[in-house]
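Remarks on the structure that follows.
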Amino acid sequence: MLRKKVLVAISGGVDSSAAVYLLKESGYDVTGIMLRLFDKTDDCGNIITYDKECAEKICKDMDVHFVYADYRDEFKKDVIDTFVKEYINGKTPNPCVQCNRTVKFKYVFDYAEKNGFDYIATGHYAQVVLNPESGEYELRKAADKSKDQSYVLYNLSSQELSKLLLPLGSYSKPQVREFARKAGLVNYDKADSQDICFINGDYFDFISEYCQRDFPEGNFVDKDGNILGKHKGIIRYTVGQRKGLGLSFDSPRYVVSKNIKSNTVTLGKHEELFCTIVFAKNVNIISKNQSFPIVGEAMIRYNQAPQEVTVYLLENGDIKAQFKNPQRAPSPGQSLVIYSGDKVIGGGIIC
């Protein structure tokens with residue numbers, strides 16, 4: 001009997017490496033694929049190749065074929081350019097969500113289909129479950145809620161989920177590191193990456209250099225348009241921000257909104273950040289049979305505690321989320337992800 005072939009997206013980190021190990025131990029015919037998305041450089045401008053070398057060594061040590069595929073042009077166009085454009089337009093985009101949707105899953109699925117693989121796999125902490133009643137594949141939260149990454153996977157379809165393996169979904173991070181240590185993987189104790197992968201340092205400096213333009217000073221204003229002071233460039237500020245404003249008030253002030261056309265940043269008190277209604281566009285609902293309104297929970301940012309919500313589908317395909325309790329600083333560009341318990345219903349981009 002032929003073993004099922006699985007293509008594992010590997011990054012050089014411990015999670016994707018452990019996924020390779022666990023799938024091989026489970027009897028799959030495993031191939032590792034690393035997408036070359038951008039080139040990290042050191043202070044001297046030399047390309048850093050550690051992650052590639054690490055991924056290649058791990059595959060070699062486990063007798064797994066290694067593929068290195070160049071998607072730098074696609075990543076630049078669909079992720080970096082989009083991130084910069086959205087930031088300039090006053091949004092706070094999540095490039096990990098964008099990358100999963102337009103690059104990583106898109107091209108790994110495409111490579112797998114063209115080369116006869118039965119499945120793809122990643123090192124994400126989430127679970128895929130077949131619902132016996134509906135016959136559809138569902139995305140669920142990871143067993144380890146502290147590491148759950150289902151939020152960034154909401155753009156997948158049930159059909160894509162049927163071809164996706166998530167071997168880490170039922171384990172905790174310490175268990176995964178122990179698997180990697182026992183397997184002799186060189187990166188078993190490698191630290192997790194925390195920041196946006198293509199930015200090293202300040203967002204403002206990266207965006208200014210990337211698009212070769214300056215962002216002039218403008219006015220801080222209150223909700224009535226009264227000038228409160230000068231800001232140092234509108235892309236330096238995000239909704240909900242308190243620190244780094246450079247102004248003194250008798251009580252704390254926060255960024256409530258930004259107006260790109262007038263180059264103004266509106267400041268307000270903490271209570272002005274809250275609202276109960278959030279709209280989202282570019283909506284993906286995983287099940288084709290999902291009915292509305294949806295009564296469940298939603299998150300408006302990664303790692304937020306799920307909040308009770310009723311979600312309505314609008315005529316234009318956008319969604320309206322009516323939260324039971326006011327939500328702090330919904331940020332245009334971030335994702336609103338809908339849950340029913342541990343099940344991911346879908347989501348969209350906050351507008």
Can you pull out the trypsin sites (Lys or Arg not before Pro) in region 199-236 that DSSP calls coil and that have at most 10 other Cβ atoms within 10 Å? Arg213
With a cut-off of 8 Å between alpha carbons and a minimum separation of six or more residues, what is the relative contact order of the chain in percent? 15
What stretch of the chain, leaving out the sites themselves, is the longest with no GluC sites (Glu not before Pro) in a DSSP loop having at most 14 other Cβ atoms within 10 Å? 1-132
Cα centroid of region 11-25 to Cα centroid of region 322-340, whole Å: 33
Towards the positive end of the charge dipole of region 29-151, with charges on Cβ (+1 Lys, Arg; -1 Asp, Glu), say which of Pro93, Tyr107, Leu35 has the farthest Cα. Pro93
Partner lysines whose C-alpha sits under 16 Å from that of Lys281, ignoring same-chain residues fewer than 8 away, are Lys91, Lys320
Starting from the 7 Å offset along Cα-to-Cβ, what nm value, one decimal, do you get for the label separation of Glu308 and Lys324? 0.2
Would you give the gap between the C-alpha center of region 230-292 and the C-alpha center of region 58-120, rounded to a whole Å? 29
At a Cα cut-off below 19 Å, give the lysines reachable from Lys269, other chains included and same-chain residues fewer than 8 away excluded. Lys223, Lys230, Lys243, Lys258
Report, by chain and number, residues whose modeled amide H sits under 5 Å from the one on Ser335, excluding near sequence neighbours (fewer than 5 apart, same chain). Ile350
Accessible area of Cys44 in the full protein assembly, 1.4 Å probe (Å², nearest 10): 110
Convert each backbone phi in region 4-9 into a coupling constant with the Karplus relation 6.51 cos²θ - 1.76 cosθ + 1.60 (shift: θ = phi - 60°), then list the ³J(HN,Hα) values in order as whole Hz, x for Gly and Pro. 5, 8, 10, 9, 9, 6
Just the accessible area per residue of the chain, please: how many Å² with a 1.4 Å probe? 52
The percentage of the accessible area of the chain (probe 1.4 Å, all protein chains present) made up of carbon and sulfur atoms, to the nearest whole number, is 46
Output wanted: per-residue J couplings in Hz (rounded whole) for region 256-271, from phi through Karplus 6.51 cos²θ - 1.76 cosθ + 1.60, θ = phi - 60°, x for Gly and Pro. 9, 6, 9, 10, 5, 4, 8, 6, 10, 10, 8, 10, x, 7, 4, 5
Top to bottom by accessible area (1.4 Å), largest first, where do Arg72, Arg242 land? Arg242, Arg72
Taking amide H positions as placed in the peptide plane 1.01 Å from N, state which residues far from Glu136 in sequence (5 or more) or on other chains have amide H under 5 Å from it. Asn131
Helix 105-114 versus the longest principal axis of the chain: what angle, 0 to 90°, nearest 10, using Cα atoms? 30
Non-local residues with an amide H under 5 Å from the amide H of Lys40, with H modelled 1.01 Å from N and Pro and chain starts lacking one, are Ile48
Sorted by accessible surface (1.4 Å probe, heavy atoms of the protein chains only), largest first, Ser257, Ser17, Ser26 come out as Ser26, Ser257, Ser17
What is the angle, in °, between the Cα long axis of helix 50-61 and the longest principal axis of the Cα atoms in the chain? Nearest 10 is fine, range 0 to 90. 20
Students often get this wrong, so try it: which of (1) -0.28, -0.71, -1.17, -1.34; (2) -0.34, -0.83, -1.24, -1.35; (3) -0.45, -0.81, -1.06, -1.17 is log10 I(q)/I(0) by the Debye sum over Cα atoms at q = 0.07, 0.11, 0.14, 0.15 Å⁻¹ as calculated from the structure shown? (2)
Projected onto the charge dipole of region 222-351 (+1 at Lys/Arg Cβ, -1 at Asp/Glu Cβ, origin at the Cα centre), which of Gly246, Val311, Ser291 gives the Cα projection farthest towards the positive end? Gly246
Angle, helix 173-182 long axis vs. longest principal axis of the chain, Cα atoms, 0 to 90°, nearest 10? 30
Hey, got the dipole for the chain? About the Cα centre, +1 on K and R Cβ, -1 on D and E Cβ, debye to the nearest 20? 360
Might you work out the accessible area of Leu161 for me, using a 1.4 Å probe with all protein chains in place, and round it to the nearest 10 Å²? 0
Stretched fully, the stretch from Asn289 through Ala69 gains (0.36 nm per residue minus C-alpha distance, one decimal, in nm) 75.6 nm
Could you derive backbone 3J(HN,Hα) for region 324-335 from the dihedral phi with the Karplus parameters 6.51, -1.76 and 1.60 (θ = phi - 60°), listing whole Hz in sequence and x where the residue is Gly or Pro? 5, 10, x, 9, 8, 6, x, 10, x, x, 7, 9
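The values are calculated or read from the model by the stated rules, or taken from the named source; none is laboratory data. For clarity, every value in this text was computed on a predicted model and none was experimentally measured. Virtual Cβ from ideal backbone geometry, glycine too; neighbours counted across all protein chains shown. Ligands, DNA and RNA are stripped out before the accessible areas are found, and what is left, the full protein with its side chains, is counted by its heavy atoms. Shrake-Rupley method; radii C 1.70, N 1.55, O 1.52, S 1.80 Å.
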